[in-house]
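Data block below; observations after.
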Amino acid sequence: MKKKTLPRPSARQVMLTEIRNLKMARSSNAYVRGNTLKFYEALNALPDQAIPEGPPIWICGDCHVGNLGPLANARGRVEIQIRDLDQTVIGNPAHDLIRLGLSLATAARGSDLPGVTTAQMLEQMIVGYEAAFDDETNAADGDETERKSESRNKGGEKASKSAAKSVANPDNIKLVLKQAKQRTWVHLANERIEGMRPEIPLGKRFWPLSKEERGELTQLFEKASVASLATSLRQRDAHAHVEILDAAYWVKGCSSLGGLRYAVLLDIGGGTSSGRDLCLMDIKEAVKAVAPRYSSNAMPRDNAHRVVSGARQLAPFLGERMLAERLLDRSVFMRELLPQDLKIELDALSHEEAMKSAYFLAQVVGRAHARQMDAATRHSWQAELKRNRSKKLDAPSWLWNSMVELILIHERGYLEHCRRYALDVAQR
């Protein structure tokens, strides 16, 4: 996209809708990932599948594979956690399991794996999820997790059986985790900024701002709480001056396209020669969640505070570096982008990779859930997961039945979407 053809702020919505429709037409996997509303509409329309009411905890709400990946905490430690919490609510953990199962099944179909592999993936998913509830590395926050991890490493052969299981990560997960740990600010800068005076390059991914947007962003970063978020990482001076070098509207994501999304490049401390002095902020509008919540459990009414609260429970590495704010009279949440923050893509899976990926990713979700439960609640939820299993499938029947029905509904929805998209393109 050439700079002269970039849309004015008033014309963004039409182009964003076109981009979203194109992304979702590219594959059934993209359609499933980009259509959370369709997922819950379809789930609610299913015949009574006896989906259990799990304990009231913070859930991801949109727990597909692309929303998991490496994250770094404020001290530089990298771990695979849930990386997108737009839909987080206090709700039923069974919904995260069904959403993850649908995403894994769609990835398997996209890799041309047989149906029996899908069934075996689901079994491995449940095994991995349940293993997380016995994993002694679970803790209330990232600091405690890190301390226990360090203690376990010093203990050598005293590592627990559950921790040993976690070591056998699939090669594709190992690769993305290795890439994340090796990435530095230079990698992030090469991807996002350019020029002698660092600036965000306008083009396909970044669009120009209106005068009002620039003014509002300037006022936002004049707040002490926002400035302190920018200085909190990478051992920066807490009292350093924070200056906006550049900002742009960010064309990013799929289901969230159309809301406010900004990339803001900051200079910390008045010098731009060192990577430590630059900071790239991601600001995103917090919209109302479509994921069902437990109405009897109190949550923040403000959507940004809801997202940040959920993140601190489900993904401590991310939640500890997020902030809820107001911008253009809308609720937004913000975080500093770190080079280690990546997403997981499951492309061209082999049978073995599919099995290991299902186990590992479910274990990540299981840890996020388990750290919120006391021992009695964990035991009760584990007992529920072991019920309603047939002799032919070592997984809850409600999970299998729901996933099969959802695959059919989403496949039909995807083909209808492609048909409408093709007709729309032909009429232009």
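Each residue in region 1-25 was checked for being over 17 Å from ARG261 (Cα atoms) and in a loop (DSSP other than H, G, I, E, B), and 2 pass. For the structure I just gave you, tell me whether ILE200 is open to solvent by less than 20 Å² (accessible area, probe 1.4 Å) and in contact with a strand residue (DSSP E or B) (Cβ under 8 Å, 6 or more places away or on another chain). Answer is yes for this residue.
Residues that are farther than 30 Å from ARG261 by Cβ and of a type outside the set (Gly, Ala, Ser) were ranked within region 361-379; the one that is most open to solvent (accessible area, probe 1.4 Å) is HIS379.
Could you check how many residues of region 337-382 are outside any helix (DSSP H, G or I) and over 15 Å from the mean Cα position of the chain (by Cα)? I'd like the intermediate steps shown before the answer.
Our first condition is that a residue be outside any helix (DSSP H, G or I); within region 337-382, this holds for 337-350, 371-374.
From what's left, over 15 Å from the mean Cα position of the chain (by Cα): 339, 347-350, 371-374.
Of the residues in that region, 9 qualify.
Every condition in (1) over 20 Å from the mean Cα position of the chain (by Cα); (2) outside any loop (DSSP other than H, G, I, E, B) is met by GLN313 except one, and the failing one is (1).
Give the residue, chosen from ALA25, ALA50, ALA30, that is in contact with a helix residue (DSSP H, G or I) (Cβ under 7 Å, 6 or more places away or on another chain) and surrounded by fewer than 16 Cβ atoms within 10 Å (Cβ to Cβ).
Only one candidate passes the filter, namely ALA50.
Considering region 217-248, and only residues there that are of a type in the set (D, E, K, R) and closer than 21 Å to LEU327 by Cα, the residue that is least open to solvent (accessible area, probe 1.4 Å) turns out to be ASP246. Within region 177-199, at least one residue is modelled with pLDDT of 80 or more and of a type outside the set (Lys, Arg). The set of residues from region 324-364 being touching a helix residue (DSSP H, G or I) at 6+ places or on another chain (Cβ under 7 Å), under 13 Å from MET125 (Cα atoms) and not aliphatic (A, V, I, L, M) comprises GLU353, SER357, TYR359, PHE360, GLN363. I want to confirm something. Restricting to region 313-351 and keeping residues that are of a type in the set (D, E, K, R) and under 15 Å from GLU79 (Cβ atoms), which single residue is least open to solvent (accessible area, probe 1.4 Å)? It comes out as ARG321.
Scanning region 385-423 for residues that are open to solvent by less than 50 Å² (accessible area, probe 1.4 Å) and assigned to a loop (DSSP other than H, G, I, E, B) turns up LEU393, ALA395. Determine, yes or no, whether MET334 is at pLDDT 95 or above, touching an Asp or Glu at 6+ places or on another chain (Cβ under 7 Å) and under 22 Å from LEU202 (Cα atoms). For MET334, the condition - at pLDDT 95 or above, touching an Asp or Glu at 6+ places or on another chain (Cβ under 7 Å) and under 22 Å from LEU202 (Cα atoms) - is met.
Of the residues making up region 267-298, those that are modelled with pLDDT of 80 or more, farther than 30 Å from PRO52 by Cα and not in a strand (DSSP E or B) number 0. Here GLN13 fulfils each of the conditions (1) surrounded by fewer than 21 Cβ atoms within 10 Å (Cβ to Cβ); (2) of a type in the set (S, T, N, Q); (3) closer than 24 Å to TYR129 by Cα apart from (3). Quick check, is ALA362 closer than 22 Å to GLY76 by Cβ, hydrophobic (A, V, I, L, M, F, W, C) and at pLDDT 95 or above? Against the criterion (closer than 22 Å to GLY76 by Cβ, hydrophobic (A, V, I, L, M, F, W, C) and at pLDDT 95 or above), ALA362 does not qualify. On the basis of being more than 30 Å from LEU175 (Cα to Cα) and among the hydroxyl-bearing types (Ser, Thr, Tyr), does TYR421 make the cut? Criteria met by TYR421. Restricting attention to region 293-312, the residues being in contact with a strand residue (DSSP E or B) (Cβ under 6 Å, 6 or more places away or on another chain), surrounded by fewer than 21 Cβ atoms within 10 Å (Cβ to Cβ) and among the aliphatic types (A, V, I, L, M) number 1. Taking each residue of region 337-349 that is more than 30 Å from SER232 (Cα to Cα) and looking for partners that are among the aliphatic types (A, V, I, L, M) and open to solvent by 20 Å² or more (accessible area, probe 1.4 Å) with beta-carbon atoms closer than 8 Å, six or more apart or interchain, yields LEU349/LEU113.
The values are calculated or read from the model by the stated rules, or taken from the named source; none is laboratory data. What you see is a predicted model, and the numbers here were worked out from it, not measured in a lab. Cβ sites come from the backbone with ideal geometry, for glycine too, and all protein chains shown count toward neighbours. Side chains included, ligands, DNA and RNA excluded: accessible areas come from the protein's heavy atoms. Shrake-Rupley method; radii C 1.70, N 1.55, O 1.52, S 1.80 Å.
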